[in-house]
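Since the structure comes first, as structure tokens, the remarks are kept for the end.
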Amino acid sequence: MGDGTEENPFTREDVVRLIEEHGGTAKGLDLSGKQFEDKVDLRGQNLHGIILRDASLEHANLERTDLTGAHLEGAFLPDIHLEAADLEETHFERAWLMGAHLEGAYLGATHLEGANLQYAHFEDSLLDTIELSNDTRLENAHWGNYVVSWEIEDYLIWAISVYRQLKTWHTNAGIYHTAGEFFFREMTVKRKMLQWWPKPWNRAFSKLLSILCGYGERPLRVVVSAVVVVFGLAAVYYLFGGLTVPYSLYYSAVSFTALGYGRWVDIMPQGWVQAFGAAESFIGVFMLALFLITFVRKMTR
């Protein structure tokens, strides 16, 4: 039987026994400063409201554990497994959570002020109004596809708040790529909040910006869009303008860049198709400017 000291740390059986002695609930059970055996397995336990301030649970397994309202301020929790755990209103202030596995965990109003979450795994986790501070450490955290909040109706405003918090933290930390990813998620959620009626153009324009440049965070999208325009209109010139394939591509590329046709001015599509050349010039100038703005935005941060 363990007593929570370094020489005789708590085991799973000890925790179960202490909960039973505490009236069958972990709420208010104070195990602050106690030592737990390395890789202690507490999976599936109901630890709602338990107090583990400054405790040591190195490599502990708390998958699917209910830790709502628990106090783990200053706890030593490296590489802890909290997959699918319920961490609503859990207090992790100043806790050491380096390399923590939070995949699929629910963090709602979770306190992470001053917590060290470097290299932590947040893939498929759900963040809902988390609390961060300037001394929270999130460097090299793993965010998966960066979708870490509810992006569904009735929760969109909270998702915007979470993404804005994470964007601001990473911007202040100089981690601009990750900040840009959360800015993209923030703008995507804002688009989802726009109603199609009675002003459908607002949402349509936002979607167009997402496709063309990822709200300024995806320069490659501008390049791909430009290639699609050039080759797409080249096909129009070939099918309806009476040009050969090489001349269609040449005319489309020159129209797109608005460089002028030079000595090939006589190589023009026939009839109404010529109007597409003028339109392509306007599109090309816009997209070239968009690429420069997006590229400079990414490279000069």
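Computed from the coordinates by the stated procedures, all read-outs in this text should not be read as laboratory data. Note that this is a predicted model, so its numbers are computed, not measured. Note: ideal-geometry Cβ built from the backbone for every residue, glycine included; neighbour counts use all protein chains shown.
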If I histogram all Cα-Cα distances within segment 201-299 using bins 5 Å wide from 0, what percent of pairs lands in each bin? 2, 14, 22, 20, 16, 12, 9, 4, 1
The helix 12-21 Cα axis meets the longest alpha-carbon principal axis of the chain at an angle in degrees, between 0 and 90 and rounded to 10, of 60
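Determine the gain in length on full extension of the stretch Thr244-Arg17; use 0.36 nm per residue of separation and subtract their C-alpha separation, reporting nm with one decimal. Can you show the working numbers first?
Details: separation 227, 0.36 × 227 = 81.72 nm, distance 8.38 nm.
That works out to 73.3 nm of additional length.
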Grab the chain and count how many Lys pairs have their alpha-carbon atoms under 21 Å apart, sequence gap of 8 or more, or different chains. 9
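Once the Cβ-Cβ distance between Thr5 and Asn145 is put in as r, and R0 is 41 Å, what FRET efficiency do you end up with, to the nearest 0.05?
Values: r = 44 Å, r/R0 = 1.06.
That pair, Thr5 with Asn145, gives E of 0.40.
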List the residues whose amide H sits under 5 Å from the amide H of Ala95, counting only those 5 or more places along or on another chain, with H placed 1.01 Å from N in the peptide plane. Gly74, Ala75, Ala115, Asn116
Using +1 at the C-beta of Lys and Arg and -1 at the C-beta of Asp and Glu, which of Trp201, Tyr237, Val223 has the Cα lying farthest in the positive direction of the dipole of segment 161-301? Trp201
What is the ratio of the Cα radius of gyration of the chain to 2.2 N^0.38 Å, where N is its residue count, to two decimals? 1.45
With axes computed from alpha carbons, what is the tilt in degrees of helix 219-240 against the longest principal axis of the chain, rounded to the nearest 10 within 0 to 90? 30
Value of [θ]222 nm, deg cm²/dmol, for the chain, DSSP H segments ≥ 4, -39500 (n - 2.57) each, nearest 500: -13500 deg cm²/dmol
Determine, at each q value in 0.13, 0.17, 0.28 (inverse angstroms), the log₁₀ of I(q)/I(0) that the Debye formula gives when each Cα of segment 65-119 is one equal point scatterer. -0.24, -0.42, -1.23
Antiparallel %, DSSP beta bridges [both residues in segment 38-137], to 5: 0
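Can you work out the FRET efficiency for the pair Ala289 and Arg64, with r the C-beta to C-beta distance and R0 = 41 Å, to the nearest 0.05? The partial results should precede the final answer.
Values: r = 51 Å, r/R0 = 1.25.
Rounded to the nearest 0.05, the efficiency is 0.20.
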Pick out, from Gly74, Ile211, Ala141, the residue whose Cα sits farthest towards the positive end of the charge dipole of the chain, with +1 on the Cβ of Lys and Arg and -1 on the Cβ of Asp and Glu. Ile211
A chain fully extended from Ala173 to Trp201 at 0.36 nm per residue, minus the present Cα-Cα distance, gains in nm 6.5 nm
With Cα coordinates, the longest principal axis of the chain makes an angle with the long axis of helix 176-193, in degrees rounded to 10, of 80
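Contour minus end-to-end for Thr25 and Ala275, with contour as 0.36 nm per residue of separation and end-to-end as the Cα-Cα distance?
Residue separation times 0.36 nm, minus the Cα-Cα distance, leaves 82.4 nm.
Can you tell me the relative contact order of the chain? Whole percent, Cα pairs under 8 Å, sequence separation 6 or more.
Details: 649 pairs, mean separation 22.3, N = 301.
Across the chain, relative contact order equals 7 percent.
Restricting to the chain, compute how many DSSP beta bridges are antiparallel as a %, nearest 5.
Numbers: 0 of 22 bridges.
The antiparallel proportion sits near 0 percent.
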Where only C-alpha atoms are counted, convex hull volume of segment 1-142 per residue in Å³: 81
Sorted largest first, the Cα spans of segment 105-240 on the principal axes come out in Å as 64, 34, 23
Calculate the translational D of segment 217-262 in whole µm² s⁻¹ from Stokes-Einstein, where the hydrodynamic radius comes from the Kirkwood formula applied to all Cα pairs, the temperature is 10 °C and the viscosity 1.306 mPa s. 144
